[in-house]
Amino acid sequence: MERWLALELASTIRHDGDGGVADDLATVQATTRWIQEQGDLLAGHIPAGELAADENLRVGIIELRQAVRTLFARVVSPAPPSSADAHRLMTADQAMAHLNTAAARELVAPQIDWPVEGVPTARLLSAENDPSVRLVAALARAAIDFLSGPQCTQLRSCTAPRCVRYFVKSHGRQEWCKPSCGNRARAARHYRRQRTAADGGSAPS
């Protein structure tokens, strides 16, 4: 399954399995763990396996996440956004300004590499020495790429009970982010239908 760094960032806010919301960036240690888990998506940008977060970096990533989730909410409108943070989103202008500013903090230039036997590849050469700045800038660029790319048109907010995730719709009939959410949503619908039928049967004529 294809993964997008912007979606991985947005998904650090998720259902905790007990009816609440969990934050994968709640602590410095958890933030370091999340960065390391994105090593494949960050390859070529930073040595993710060697970067340990501090509080400033954690806050910077959380602020970027808020901007991303604000713009995700705009994408899925007029459908409702994720309920996890619908009440505390930035304005769209603030979110775009935040992404653009974060992306601009790292000066990068594309470099081509073309081995004698092989195909040409491109990478970004950074003029920034601070790995924390490079990380936040890479996350911001990934969000900009995602929001301006074709997959953005398939972005949805999962409507299953208690789920707070955004997801990219992979086929025409997909309604939920994963099968377990579909099972939960169908069970909730079945319960509502049964309750409506029971209430209708007991109501006076």
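The values are calculated or read from the model by the stated rules, or taken from the named source; none is laboratory data. Model, not experiment: these values are computed from the prediction. Cβ coordinates were reconstructed from backbone atoms using ideal geometry, including for glycine residues, and neighbour counts include every protein chain displayed. Surface accessibility is based on the protein's heavy atoms, side chains included, excluding ligands, DNA and RNA. Shrake-Rupley method; radii C 1.70, N 1.55, O 1.52, S 1.80 Å.
Structure values in brief
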{"read-out": "Filtered residue count, the stretch 1-40, keeping only those that are in contact with a Phe, Trp or Tyr (Cβ under 8 Å, 6 or more places away or on another chain) and of a type in the set (A, V, I, L, M, F, W, C)", "value": "6"}
{"read-out": "Within the stretch 42-56, tally of residues that are modelled with pLDDT of 90 or more and small (Gly, Ala, Ser)", "value": "2"}
{"read-out": "Residue that is surrounded by the most Cβ atoms within 10 Å (Cβ to Cβ), among those in the stretch 9-32 that are out of contact with any Lys or Arg (no Cβ under 7 Å at 6 or more places or on another chain) and farther than 25 Å from Arg162 by Cα", "value": "Thr32"}
{"read-out": "Given (1) under 18 Å from the mean Cα position of the chain (by Cα); (2) open to solvent by 20 Å² or more (accessible area, probe 1.4 Å); (3) at pLDDT 95 or above, number of the condition Cys152 does not satisfy", "value": "(2)"}
{"read-out": "Filtered residues of the stretch 3-20 (kept if assigned to a loop (DSSP other than H, G, I, E, B) and in contact (Cβ under 8 Å) with a residue 12 or more places away in the chain)", "value": "Arg3, Trp4, Ser11, Thr12, Gly19"}
{"read-out": "Index of the failed condition, Glu50 passing every other in (1) open to solvent by 40 Å² or more (accessible area, probe 1.4 Å); (2) touching a helix residue (DSSP H, G or I) at 6+ places or on another chain (Cβ under 7 Å); (3) farther than 22 Å from Phe146 by Cβ", "value": "(2)"}
{"read-out": "Pairs with Cβ under 6 Å, 6+ apart, first in the stretch 80-99 and free of Cβ contacts under 8 Å to residues at least 24 places away in the same chain, second open to solvent by less than 30 Å² (accessible area, probe 1.4 Å)", "value": "Leu89/Thr70; Leu89/Ala73"}
{"read-out": "Residue check for Thr159: modelled with pLDDT of 95 or more and under 23 Å from the mean Cα position of the chain (by Cα)", "value": "no"}
{"read-out": "Counted residues, the stretch 130-149 - those being open to solvent by less than 20 Å² (accessible area, probe 1.4 Å) and assigned to a loop (DSSP other than H, G, I, E, B)", "value": "1"}
{"read-out": "For Ser77: the one exception among (1) loosely packed, with under 13 Cβ neighbours inside 10 Å; (2) among the polar types (S, T, N, Q); (3) more than 18 Å from Arg165 (Cβ to Cβ)", "value": "(3)"}
